[in-house]
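Each remark here refers to the structure printed beneath this line.
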Amino acid sequence: MRTSARVGLLVIAALGCGCGKRVSGLVAEHKADYEALDARIAQANALVAKVPERGTRAFPRCKPTDAYSFSSSGGKHDTDVIGGVALAGYPSPIADVLELRKKAAGNGRFSGPKASSNDEERFARVKTVKNLVVLREHKDSTEHHVSADVFVVSGEPAKITCAFGFDGGEGGYGSVGTVTGKEVWTDKRTGRVVRERDHVEGASSGSSGATEARNRLPGALARNLGLDYSYNTKDEAAKYRSGYKRPLGEFPTIRIKEVLEDRGASNLRGFSQWNTPLGTNDGWNTDGTHVEMYDLTRSPGAVLGRELVVNAGPQAEDVALATTLAGESFATPKDMIARLKGLGQVLMGPEPPALPTPYGFRKYELKVSKGGKERKVNVLDFAAAARKQGDATVRIDGRRVILVQGNSPSLGPAEEIANEIMGR
């Protein structure tokens, strides 16, 4: 058989057995592309490494814009995401070509997994990337809670063009089971059941902090960059690119936490108190910044004035008294007591001390009586914040009072934070 015929048969045999280009061979062919990509990533990481943790305020805040385009397959792709350990896992051209190199490790040029028809295209897409979004997870991140600094590195020579913070929230836990019986403890002398416990068959379930963080990451990139990074963020990213700012709306704590998160707050674990005389109370104290919100929606007796919230009770005459009191400012509780005395109210019990206002406000309670009717008068005095004293400021949204105090080097001044919360 002639040599050319033998070669033809070998080619046919190779095609017949399904032999094609291997990942290892493709990776070897793109050695120069890998070297260029490694150099870009190393350069970006070196720039980020110079920035202290939670030091994003040293750079302009990122804004949603049409300048960032992401696509894992087809369409314009000029922005890709790198870095992170717990936050890694989303497919992207860069992630895919780096994964190809891992698959090729230890294999010869003609062994190992086959290359797909899309693998070659991924290398072409990596070459169009102009912006690297670098995720730098914080050193105190754990399996239960992941947070990070996020930087965008662009240009030639490369530089950090903008940055923001990210908080992945905490892992959620729960259980699913069936009560199959009950165990009881009985006092033998009296026969009374003093303790009982259910027997439950089932399994616990939940999610890790890393899972929660990965679920939240696409929304954060949409909000801060206008980047459609996931299969379900197209509409969200487009909305932010068009200038949308989340209103306080029905769930104002979401907006407040987003603002603190994007500014790089190190602790978003707040506190909540429900059904207080001064409304629902939520607060956060982090990085030298204090934020508190009083939502009077569920306290119909609470009256909001220019510098005070007063609640003397739910009845019409109670609201009338609160309205009178909330209409003027009082330097101290003693001044309010004098005003109450002028309205025929008699103080019952001790006089509250004139407490300082470290966060731009103070709360106190007075017990008064008139004509045999006793009532409690609860006061939220935010005059200091209203007058912008002691690095404090206040914003009013309907029947919500939002108080911000501090001048944090990492988060910024209270006035700036308050404006962002209000979408200004």
Looking at region 247-255, is at least one residue among the β-branched types (Val, Ile, Thr), outside any loop (DSSP other than H, G, I, E, B) and buried (at least 20 other Cβ atoms within 10 Å of the Cβ)?
no
Selected residue (only one of Val310, Val291 is at negative phi, at pLDDT 95 or above and under 30 Å from the mean Cα position of the chain (by Cα)):
Val291
When you look at Gly279, is it open to solvent by less than 10 Å² (accessible area, probe 1.4 Å), of a type outside the set (Asp, Glu) and farther than 30 Å from Lys63 by Cα, yes or no?
yes
Here are the criteria: (1) open to solvent by 70 Å² or more (accessible area, probe 1.4 Å); (2) modelled with pLDDT of 90 or more; (3) not hydrophobic (A, V, I, L, M, F, W, C). Tell me which single one Asp228 does not satisfy.
(1)
Is there a residue in region 52-65 that is in a strand (DSSP E or B) and either open to solvent by 40 Å² or more (accessible area, probe 1.4 Å) or closer than 15 Å to Val150 by Cβ (or both)?
yes
Which ones in region 308-352 are among the aliphatic types (A, V, I, L, M) and either touching a helix residue (DSSP H, G or I) at 6+ places or on another chain (Cβ under 6 Å) or surrounded by fewer than 18 Cβ atoms within 10 Å (Cβ to Cβ) (or both)?
Leu308, Val310, Ala312, Ala316, Ala320, Ala331, Ala338, Leu343, Val346, Leu347, Met348
Count of residues meeting criterion [open to solvent by 10 Å² or more (accessible area, probe 1.4 Å), in contact (Cβ under 8 Å) with a residue 60 or more places away in the chain and not in a loop (DSSP other than H, G, I, E, B)] in region 291-307
4
If you take the residues in region 110-119 that are surrounded by 15 or more Cβ atoms within 10 Å (Cβ to Cβ) and closer than 14 Å to Glu29 by Cα, which one is nearest to the chain's Cα centre (by Cα)?
Asp119
Pairs under 6 Å by beta carbon, first residue at negative phi in region 219-236, partner assigned to a helix (DSSP H, G or I) and open to solvent by 50 Å² or more (accessible area, probe 1.4 Å), six or more apart or different chains?
Ala222/Glu236; Asp228/Lys234
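Does Lys373 satisfy being in contact (Cβ under 8 Å) with a residue 24 or more places away in the chain and open to solvent by 50 Å² or more (accessible area, probe 1.4 Å)? Can you show your working first?
Values: in contact (Cβ under 8 Å) with a residue 24 or more places away in the chain: no; open to solvent by 50 Å² or more (accessible area, probe 1.4 Å): yes.
In short, no.
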Condition first: under 18 Å from Gly165 (Cα atoms) and surrounded by fewer than 20 Cβ atoms within 10 Å (Cβ to Cβ). Now tell me which residues in region 66-85 satisfy that.
Val85
Going by the conditions given, is Ala265 part of a helix (DSSP H, G or I), among the small types (Gly, Ala, Ser) and in contact with a helix residue (DSSP H, G or I) (Cβ under 9 Å, 6 or more places away or on another chain)?
no
Answer yes or no as to whether Ala88 is open to solvent by 70 Å² or more (accessible area, probe 1.4 Å), among the aliphatic types (A, V, I, L, M) and under 29 Å from Arg246 (Cβ atoms).
no
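I need the full set of residues from region 122-158 which are among the aliphatic types (A, V, I, L, M) and surrounded by fewer than 18 Cβ atoms within 10 Å (Cβ to Cβ), in order please. Reasoning before the result, please.
First, pick out the residues of region 122-158 that are among the aliphatic types (A, V, I, L, M): 124, 126, 129, 132-135, 146, 148, 150, 152-153, 158.
Matches in region 122-158: Ala124, Ala158.
Looking at the structure I just gave you, is Asp80 in contact with a His (Cβ under 8 Å, 6 or more places away or on another chain), part of a strand (DSSP E or B), in contact (Cβ under 8 Å) with a residue 24 or more places away in the chain and not aliphatic (A, V, I, L, M)?
no
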How many residues, within region 114-129, are in a loop (DSSP other than H, G, I, E, B) and either among the aliphatic types (A, V, I, L, M) or in contact with a strand residue (DSSP E or B) (Cβ under 7 Å, 6 or more places away or on another chain) (or both)?
2
Is it the case that Thr253 is within 25 Å of Ala58 (Cβ to Cβ), within 19 Å of the chain's Cα centre (by Cα) and polar (S, T, N, Q)?
no
State all residues of region 94-109 that are open to solvent by less than 70 Å² (accessible area, probe 1.4 Å) and within 30 Å of Gly171 (Cβ to Cβ); if no residue qualifies, say none.
Ile94, Ala95, Asp96, Leu98
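Is it the case that region 159-167 has a residue that's modelled with pLDDT under 95 and open to solvent by 70 Å² or more (accessible area, probe 1.4 Å)? Spell out the reasoning first.
Quick first cut of region 159-167, residues modelled with pLDDT under 95 only: none.
No, that holds for no residue.
The values are calculated or read from the model by the stated rules, or taken from the named source; none is laboratory data. Quick caveat: nothing in here was measured; it's all calculated off a predicted structure. Positions of Cβ are generated from backbone atoms using ideal geometry, with glycine treated the same way; all protein chains shown enter the neighbour counts. Each accessible area value is taken on the protein alone, full model and side chains, heavy atoms only, with ligands, DNA and RNA left out. Shrake-Rupley method; radii C 1.70, N 1.55, O 1.52, S 1.80 Å.
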